[in-house]
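*Asks:* This is the structure, below, for whatever I ask next.
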Amino acid sequence: QVQLVESGGGLVQAGGSLRLSCAASEIIFSINVMGWYRQAPGKQRELVATINRSGGTNYADSVKGRFTISRDNAKNTVYLQMNSLKPEDTAVYSCNMVGSSIYWGQGTQVTVSS
């Protein structure tokens, strides 16, 4: 069974940076969209950013200009570079890959201290 494994989360001060990675445990063919979502305590999960196979991207307004999503199709890996982090970015971040099936990672905690 394919698993998505995230890494790169942690504790950082406001204004700092983190880079999240998400890799599939085996090659998944025909992945169209890869994305990152987040869920803060007491809130619903929300979309952070997505990237399609051609490199087209979509960002939540709250992260535009601060976060950058990228992908390596050959490695079935998606990245999220997060700069100028704010306390309100604190959440569990999960990756997602959509092809013939939908795959989710377990999530990685990102905590931004003020």
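The values are calculated or read from the model by the stated rules, or taken from the named source; none is laboratory data. Please read these numbers as outputs of a predicted model, since none were measured by experiment. Neighbour counts run over all protein chains shown; Cβ positions are idealised from the backbone, glycine included. Only protein heavy atoms, including side chains, enter the accessible area calculation; ligands, DNA and RNA are left aside. Shrake-Rupley method; radii C 1.70, N 1.55, O 1.52, S 1.80 Å.
*Asks:* Here are the criteria: (1) of a type in the set (S, T, N, Q); (2) at pLDDT below 95; (3) touching a Phe, Trp or Tyr at 6+ places or on another chain (Cβ under 6 Å). Tell me which single one SER94 does not satisfy.
*Replies:* Only one criterion is unmet by SER94, namely (2).
*Asks:* Looking only at the stretch 82-114, filter to residues that are under 13 Å from the mean Cα position of the chain (by Cα) and open to solvent by 60 Å² or more (accessible area, probe 1.4 Å); which one of those is nearest to TRP36 (Cα to Cα)?
*Replies:* So, considering only residues that are under 13 Å from the mean Cα position of the chain (by Cα) and open to solvent by 60 Å² or more (accessible area, probe 1.4 Å), the one nearest to TRP36 (Cα to Cα) is TRP104.
*Asks:* I'm checking my understanding of the structure. Among residues of the stretch 23-43 that are of a type in the set (A, V, I, L, M, F, W, C) and touching a residue at least 60 places away in the same chain (Cβ under 8 Å), which one is nearest to VAL5 (Cα to Cα)?
*Replies:* ALA24
*Asks:* Could you identify the single residue in SER17, SER7, SER62 that is out of contact with any Leu (no Cβ under 8 Å at 6 or more places or on another chain) and either in contact (Cβ under 8 Å) with a residue 40 or more places away in the chain or polar (S, T, N, Q) (or both)?
*Replies:* Exactly one residue qualifies, and that residue is SER62.
*Asks:* Hey, among GLY35, GLY15, which residue is closer than 22 Å to ASP61 by Cα, of a type outside the set (D, E, K, R) and open to solvent by less than 50 Å² (accessible area, probe 1.4 Å)?
*Replies:* GLY35
*Asks:* Hey, can you tell me all the residues within the stretch 44-58 that are within 15 Å of SER94 (Cα to Cα) and either surrounded by 13 or more Cβ atoms within 10 Å (Cβ to Cβ) or in contact (Cβ under 8 Å) with a residue 12 or more places away in the chain (or both)?
*Replies:* ARG45, GLU46, LEU47, VAL48, ALA49, THR50, ILE51 - these are the residues of the stretch 44-58 that are within 15 Å of SER94 (Cα to Cα) and either surrounded by 13 or more Cβ atoms within 10 Å (Cβ to Cβ) or in contact (Cβ under 8 Å) with a residue 12 or more places away in the chain (or both).
*Asks:* Applying the selection to the stretch 18-32, what residues are open to solvent by less than 50 Å² (accessible area, probe 1.4 Å) and β-branched (Val, Ile, Thr)?
*Replies:* Selection gives ILE28, ILE31.
*Asks:* Tell me the residue from THR57, THR50, THR68, THR90 that is under 12 Å from VAL110 (Cβ atoms) and polar (S, T, N, Q), please.
*Replies:* Of the residues listed, the single one that is under 12 Å from VAL110 (Cβ atoms) and polar (S, T, N, Q) is THR90.
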